[in-house]
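A short write-up of the structure that comes next.
The values are calculated or read from the model by the stated rules, or taken from the named source; none is laboratory data. Remember, it's a predicted structure, so these values are computed and weren't measured experimentally. Reconstructed Cβ throughout: ideal geometry from the backbone, glycine too, with neighbour counts over all protein chains shown. Quick note on the areas: whole protein, heavy atoms, side chains included, nothing else; ligands and nucleic acids left out. Shrake-Rupley method; radii C 1.70, N 1.55, O 1.52, S 1.80 Å.
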Amino acid sequence: MSEGAREAGPTRPRPDDEISLVEVATLLLAQRRTILGVTTVFVLLSVVFALIKPTEYTSTGSFVPESSEGAPSGALALAAQFGVSLGGAGSERSPQFYADLITSNEILRQTVVSEYASTLSEDGTGVIDLVAYYELGEEDRGEAIEEAMEELEDDLSVSVGRETSIVSVSITTTDATLSRDIAAEILRLVNGFDLTSRQSQASAERAFSGERLDAATAELREAERVLRDFLMENRVFTNSPQLQFEFDRLQRDVAMRQEIVTSLAQAYEAARIDEVRNTPVLTRIETPRAPAMHDPKGRVLIVLLGGILGMMVAIPTALIRHATGTRQGNHDPEFEKLSGLWHETLGDMRRMGRRRTTS
């Protein structure tokens, strides 16, 4: 044996299942027409989708909720002392509360059934609601409204700033004016809900304060009567320690009840004012406007994703096609299982495409 042969050593046989990168590259180049054809089809489909994608406009509005932190009102504090809960400010008035309120069923439903001026109406210049905008039909009004609510929630975006507590609302439609009007309607509904709930809370505070004020006033009158009777029966009591102590006690009782009556009267008047207060409770930062420019369509990204998807489908197709050609007449259970799963996958993709086209 020569010295070169001894240095090289015996060549290790390669297992049958091991495939080198060179073989993979050779296989792909051999199936290049299949790969290019499938990829081209997907790219063309993505180009068509990018071209027919409707033009969309996004309108944004933002606000800061009224700060609800701090000491509770007089009526709430007194109610807590007496073991009565009237709700009040707190976490339910946090920015996240308003974000959840915007996407609640009640706000979405009222937004859907409201009418908006839009050029998308049948006559071109009339009004339209979101059931008609989403073309859901009128056969079952209730079901159409529910579907429109789901569509609206998909077109709606709500965000809350961690540092600033600013709540932003964005709505995207194919009509710039409609996007503006929907965003403005949502802000109006949120403000109206908050104003109504605060007035309702103030009404409960007024009722509680008025009831307690009547009772406290009666108790004050009784304490004053007892003090008056004591003074009439004991005109000279300074020389008697026992009578002086009783006088001081009655006087303290009258003073304490007078303070309670004063606090309740102040809380009652404040609640009466809040009950009829109709000033906005949200500070608007950005008013929704009709955008002058449409949203970016992302056509390049759509085509790029189409090409990537085409390659993901084309390469396995080419591999299976090559394997089918090389294994004709050789029944390999693993290969047959792989081929069957791949055809099932393609069938599922075609069915999903048909569903999306019909919807």
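Okay, here's what the table says:
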{"quantity": "Count of segment 241-255 residues which are among the hydrophobic types (A, V, I, L, M, F, W, C) and open to solvent by 100 Å² or more (accessible area, probe 1.4 Å)", "calculated": "1"}
{"quantity": "Among (1) surrounded by fewer than 19 Cβ atoms within 10 Å (Cβ to Cβ); (2) modelled with pLDDT of 90 or more; (3) out of contact with any strand residue (DSSP E or B) (no Cβ under 8 Å at 6 or more places or on another chain) - the single one THR111 does not satisfy", "calculated": "(1)"}
{"quantity": "Close pairs (8 angstrom Cβ cut-off, 6 or more residues apart or separate chains): more than 25 Å from PRO296 (Cβ to Cβ) in segment 176-195, outside any helix (DSSP H, G or I) and small (Gly, Ala, Ser) anywhere", "calculated": "GLU185/SER114; LEU187/GLY61"}
{"quantity": "Selection from segment 215-245 of residues that are over 17 Å from GLU259 (Cβ atoms) and either among the basic types (Lys, Arg) or within 52 Å of the chain's Cα centre (by Cα) (or both)", "calculated": "ARG225, ARG228, ARG235"}
{"quantity": "One residue from THR174, THR164 being modelled with pLDDT under 90, under 21 Å from HIS294 (Cβ atoms) and open to solvent by 50 Å² or more (accessible area, probe 1.4 Å)", "calculated": "THR174"}
{"quantity": "Positions within segment 227-240 being exposed (fewer than 11 other Cβ atoms within 10 Å of the Cβ) and assigned to a helix (DSSP H, G or I), in sequence order", "calculated": "MET232, GLU233"}
{"quantity": "ARG289 vs. criteria open to solvent by 100 Å² or more (accessible area, probe 1.4 Å) and either out of contact with any Phe, Trp or Tyr (no Cβ under 8 Å at 6 or more places or on another chain) or closer than 30 Å to LEU156 by Cα (or both)", "calculated": "yes"}
{"quantity": "Condition broken by ARG252, with the remaining ones in (1) under 30 Å from GLU211 (Cα atoms); (2) at pLDDT below 70 satisfied", "calculated": "(2)"}
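Here's the yes/no breakdown for (1) crowded, with 16+ Cβ neighbours inside 10 Å; (2) assigned to a helix (DSSP H, G or I); (3) of a type outside the set (Ser, Thr, Tyr):
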position	(1), (2), (3)
LEU152	yes, yes, yes
SER159	no, no, no
SER170	yes, no, no
GLU185	yes, yes, yes
SER197	no, yes, no
GLN201	yes, yes, yes
ARG206	yes, yes, yes
GLU211	no, yes, yes
ARG225	no, yes, yes
